[in-house]
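Chemist: Right, I'll just put the structure down here and ask away after.
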Amino acid sequence: MNHPVTRRDLLIAAAITPLIVACGSDSGQASTTTTGPSRARSTAGFNPLWIPPLLTGPHFDLELAASSATLLDGKKVDTIAYNGAAMWGPTLEMHTGDTVSANVTNKLGEDTTTHWHGIHLPAEMDGGPHQVIKPGATWKPNWTVKNRAATYWYHPHAHKLTWKQMNQGAGGFIIIRDDKEAALGLPHTYGVDDIPLVLTSRAFGTDGQIDTGRIYGDYLLANGVMNAELKAPAQMVRFRILNAEIERAYTIGFDDDRKFWVVGTDGGLLDAPVERQRLLVFPGERYEIVVDLGADTVGSSIRMRSYNTGQNQRAYPGSEPDGNPQFSSKLNNRDFDLLRISVTDRTSKAVNTLPTTLVSTGLWNAADATQERTITINGTPGNPFYFDSSVYSMDRIDQRVKLGTTEAWHIQNTFVFSHAFHIHDVQFAIVERSTGPVPDHEKGWKDTLHIVPNELVTFVAKFDDYASDEHPFMYHCHMANHEDEGMMGQFLVTTDG
Ligand code: C2O
Ligand code: CU
């Protein structure tokens with residue numbers, strides 16, 4: 001295939017200097033902070049992992065406002081966050097079948113929106129680019145929770161402001177629980193053996209503030225904390241991992257190479273736990289994993305790491321070589337720490353074994369689809385990536401779907417880089433990857449998928465329940481810079497298609 005030359009090709013071609021990198025795990029502040037959910041002192045050089053407070057609903061009040069966080073070298077930086085957090089807002093817990101409502105108030109000096117990522121709801125409640133919340137205004141969506149138990153999230157999604165507002169810190173988890181999940185006996189005590197873990201990185205400008213225009217950060221943040229440490233009991237521990245990066249991918253594992261189990265994807269639990277040693281997570285994707293600390297000595301520690309060394313530079317976001325101010329970062333092309341896990345005493349409700357089967361996903365397969373369409377990822381030299389030769393327009397409807405139809409969408413990547421394709425409204429089943437078999441840990445409900453250059457990925461989804469002739473849903477790349485630069489389209493779900 002004959003690729004046009006892009007800025008990224010030029011960058012890769014020019015890469016002749018070996019990487020000079022600072023260690024991501026030794027550059028944060030030294031601290032003995034004792035605030036946070038784990039009351040014990042954290043180990044010298046580490047900061048306690050922030051566990052966002054849990055709001056249980058069914059009504060949620062959220063306020064997005066200016067805030068500040070203490071990050072590099074103990075310096076305060078300006079952030080924006082929900083409900084007075086430093087960088088990552090409260091976790092909203094919902095139950096399948098609940099009717100929930102929210103008041104979302106914008107205390108910023110500019111427009112924003114709050115999108116419920118992965119949630120199946122009416123388009124006008126979705127919080128995409130059309131549901132603008134003006135400065136000082138309050139938006140009041142409500143919906144009935146139809147999603148399965150899994151890990152979802154909320155974040156700003158205003159047109160051309162997503163990249164900046166996410167980089168400034170705004171976002172939060174949504175945990176949906178249901179009876180099936182509750183009956184399984186998985187670790188489920190929030191903040192104790194059921195740990196929300198959002199991974200991002202940040203870069204700082206010469207003024208010491210977060211450089212919101214950077215694509216890759218130089219310093220890893222776990223739940224908004226640099227050099228984070230979790231005190232975790234010596235038993236099965238579940239992590240709800242979210243990659244909320246602008247563009248970087250993570251290949252997650254543990255420093256002693258221990259295996260762990262993937263139990264859930266973006267929109268639900270798997271049929272059965274899938275054992276892995278490494279796990280690729282692209283921006284927007286969530287995986288729930290369980291790791292067994294049962295044989296670890298109290299007082300010992302392990303590290304969760306990302307193994308980003310030696311990845312394919314054309315395909316792996318965060319493997320670009322150094323030397324370009326736009327794409328380089330101190331974390332690129334390296335293995336780096338995500339979280340130090342220090343083992344503490346078992347809890348009285350310790351989970352020691354995993355069930356061999358979880359739920360019945362009932363995933364769609366290719367034969368279920370009665371309609372198909374192809375979305376082509378392309379671009380031109382010097383221009384951004386986009387879909388089907390068109391930069392996003394808020395005024396153009398790109399696809400029309402008939403309510404109740406089960407469709408196969410073929411995503412064809414014809415251009416030079418990988419992407420994180422995300423669609424609103426539905427959870428889908430990945431039924432085919434042209435690059436090889438769909439791995440077992442991807443055989444669960446998903447709303448975001450990674451796609452490498454020249455790959456064709458097909459998913460099947462049913463567009464059920466919510467129709468509107470007026471309010472579109474989005475599909476886009478979840479790399480926020482690509483989204484803001486126009487790699488987004490909109491679809492209407494209507495009763496007549
Ligand atoms: Cu997480 Cu359209 O977004
Ligand atoms: Cu992209």
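Chemist: Taking the stretch 416-429, which residues are open to solvent by less than 10 Å² (accessible area, probe 1.4 Å) and more than 12 Å from ligand 1 (Cβ to nearest atom)? Reasoning before the result, please.
Modeler: Filtering the stretch 416-429 for residues open to solvent by less than 10 Å² (accessible area, probe 1.4 Å) gives 416-426, 428-429.
Matches in the stretch 416-429: VAL416, PHE417, SER418, HIS419, VAL426, PHE428, ALA429.
Chemist: Before we move on, is HIS471 within 16 Å of ligand 1 (Cβ to nearest atom), assigned to a strand (DSSP E or B) and of a type outside the set (A, V, I, L, M, F, W, C)?
Modeler: no
Table: residues versus (1) open to solvent by less than 50 Å² (accessible area, probe 1.4 Å); (2) over 30 Å from ASN227 (Cα atoms); (3) within 26 Å of the chain's Cα centre (by Cα).
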| position | (1), (2), (3) |
| --- | --- |
| ASP345 | no, no, no |
| VAL351 | yes, no, no |
| THR356 | no, yes, no |
| ASN365 | no, yes, yes |
| ASN378 | yes, yes, yes |
| GLY382 | no, yes, no |
| ASP388 | no, yes, yes |
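Chemist: From the set of residues in the stretch 436-468 that are within 16 Å of ligand 2 (Cβ to nearest atom) and part of a loop (DSSP other than H, G, I, E, B), which is surrounded by the most Cβ atoms within 10 Å (Cβ to Cβ)?
Modeler: The residue in question is ASP447.
Chemist: While we're looking at this one, here's another question. Does the stretch 159-188 hold any residues that are within 11 Å of ligand 1 (Cβ to nearest atom) and either in contact with a helix residue (DSSP H, G or I) (Cβ under 6 Å, 6 or more places away or on another chain) or farther than 30 Å from MET236 by Cβ (or both), and which are they?
Modeler: Within the stretch 159-188, THR162, MET166 qualify.
Chemist: Pick out, from the stretch 231-298, the strands (runs of 3 or more DSSP E) lying fully within it that include 1 or more residues that are under 27 Å from TYR216 (Cβ atoms) and in contact with a helix residue (DSSP H, G or I) (Cβ under 8 Å, 6 or more places away or on another chain).
Modeler: 260-265, 268-276, 279-281, 286-292
Chemist: Can you tell me which residue is surrounded by the most Cβ atoms within 10 Å (Cβ to Cβ) among those in the stretch 282-326 that are among the hydrophobic types (A, V, I, L, M, F, W, C) and within 18 Å of VAL452 (Cα to Cα)?
Modeler: Result: PHE282.
Chemist: Suppose we keep only residues that are of a type in the set (A, V, I, L, M, F, W, C) and within 12 Å of ligand 1 (Cβ to nearest atom) within the stretch 128-158. Which one would you say is farthest from the chain's Cα centre (by Cα)? Please lay out each step first, then the result.
Modeler: Going residue by residue through the stretch 128-158, those that are of a type in the set (A, V, I, L, M, F, W, C) are 132-133, 137, 139, 143, 145, 149-150, 153, 158.
Add one more test, that the residue is within 12 Å of ligand 1 (Cβ to nearest atom), and what stays is 153, 158.
Numbers: TRP153: 8, ALA158: 17 Å.
The extreme case among them is ALA158.
Chemist: Do any strands (runs of 3 or more DSSP E) entirely within the stretch 74-172 hold 3 or more residues that are crowded, with 19+ Cβ neighbours inside 10 Å and modelled with pLDDT under 95, and if so, which?
Modeler: No strands (runs of 3 or more DSSP E) qualify here.
Chemist: Something else about it: Pick from the stretch 485-497 the residues that are closer than 13 Å to HIS159 by Cα and crowded, with 22+ Cβ neighbours inside 10 Å: which of them is farthest from ligand 2 (Cβ to nearest atom)? Can you show your working first?
Modeler: Within the stretch 485-497, the subset closer than 13 Å to HIS159 by Cα is 485-490.
Those left that are additionally crowded, with 22+ Cβ neighbours inside 10 Å: 487-490.
Values: MET487: 5, MET488: 10, GLY489: 13, GLN490: 17 Å.
It comes out as GLN490.
The values are calculated or read from the model by the stated rules, or taken from the named source; none is laboratory data. This is a predicted model, so every value here is computed, not measured. Neighbour counts are summed over all protein chains in view; Cβ atoms, including those assigned to glycine, are modelled from backbone coordinates with ideal geometry. All accessible areas refer to the heavy atoms of the entire protein, side chains included, with ligands and DNA or RNA removed. Shrake-Rupley method; radii C 1.70, N 1.55, O 1.52, S 1.80 Å.
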